[in-house]
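The values are calculated or read from the model by the stated rules, or taken from the named source; none is laboratory data. All of these numbers come straight from a predicted model, not from anything done at the bench. Reconstructed Cβ throughout: ideal geometry from the backbone, glycine too, with neighbour counts over all protein chains shown. Side chains are part of the model used for accessible areas, which takes the heavy atoms of the whole protein and leaves out ligands, DNA and RNA. Shrake-Rupley method; radii C 1.70, N 1.55, O 1.52, S 1.80 Å.
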Amino acid sequence: MERIDHDELKAVISNDAFDKYTSEQLFSDTKYYFESMKSAPFFGEETLGIYVDIYKKLGEKGYSPALYELGLLYYNGEFWLPSDYALSLDYHQKAAASGNADAMFELYVYYATGIGTEIDSETATDWNLKAANAGSDRACYNMGTFYATGNNMPQDMEKAVNWYDKASQLGNVRATETLGLMYRYGEGVPQDEAKADTYEKLENEQREAFLRRMDEM
């Protein structure tokens, strides 16, 4: 599919012509230009602000990836856009309410560390569980660690392995590596060299796939 150019994106926001394209295409092309141009010192609010406005409009329409991206943007800030942790939290909450697993995981981080809100370990753990159930590999890895260590959850190695395995199936390299080591040395599970070899092979494949994705960006 041909990419929407900058001038056309500017016209979309100026004329409120969002029905001309799908939310997915508008978001994808907006993010492409924003990420490509934000590091250039001669681009500032006049140019990049157009893309932020598109994110906001898509967010108003309930498109959760745009809400999540706004949450990240207001956390990190730009030289022309100050960080606003409270606003970042609000966007992640809206994205999470729309079912965005990544935003749910960010809410775990925010409540666990006090970003834009007070530290609330119980709420943080609840958001991590919601993120894990929604398919966040990072949250699944955390659940494995919670059960393995007895931190935030009663220690339960069977549940830890199940969560690590779920994270591994979702592509989480740390979970795959952890399972390989657990089976290699019999830590929390019966020692099993065959399973250790299987997870080690998968770990190498996942790392290679990650490097390929980085090269394609």
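Quick rundown of the values:
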{"read-out": "Environment charge at residue 159 (Cβ cut-off 15 Å; Lys +1, Arg +1, Asp -1, Glu -1)", "value": "-2"}
{"read-out": "17 Å Cα-Cα reach of residue 195 towards lysines, excluding residues that sit fewer than 8 places from it in its own chain", "value": "166"}
{"read-out": "Accessible area (Å², per residue) of the chain, counting only protein heavy atoms and a probe of 1.4 Å", "value": "55"}
{"read-out": "Mean residue ellipticity (222 nm) of the chain, computed from DSSP H runs ≥ 4 via -39,500 (n - 2.57), nearest 500", "value": "-23500 deg cm²/dmol"}
{"read-out": "Distance cut-off 13 Å, percentage of C-alpha pairs in segment 43-94 lying past it", "value": "54"}
{"read-out": "Stokes-Einstein diffusion coefficient of segment 1-103, Kirkwood radius over Cα pairs, 10 °C, 1.306 mPa s, in µm²/s", "value": "115"}
{"read-out": "Overall Cα dimensions of segment 175-215, principal axis frame, Å, largest first", "value": "38, 15, 8"}
{"read-out": "Protection-proxy order for peptides 138-149, 39-50, each taking the mean of Cβ atoms within 10 Å per residue, highest first", "value": "138-149, 39-50"}
{"read-out": "Accessible-area composition of segment 49-192, carbon plus sulfur, in percent [1.4 Å probe]", "value": "46"}
{"read-out": "Whole-Å distance, taken between Cα centres, linking segment 22-85 and segment 184-210", "value": "39"}
{"read-out": "Tail beyond 15 Å, pair distance distribution of segment 126-175 (Cα, percent)", "value": "33"}
{"read-out": "Global form of segment 135-217, assessed from the alpha-carbon gyration tensor, a/c cut-off 1.5", "value": "oblate"}
{"read-out": "Column: log10 I(q)/I(0), Debye, Cα scatterers of the chain, q = 0.12, 0.13, 0.18 Å⁻¹", "value": "-0.77, -0.87, -1.22"}
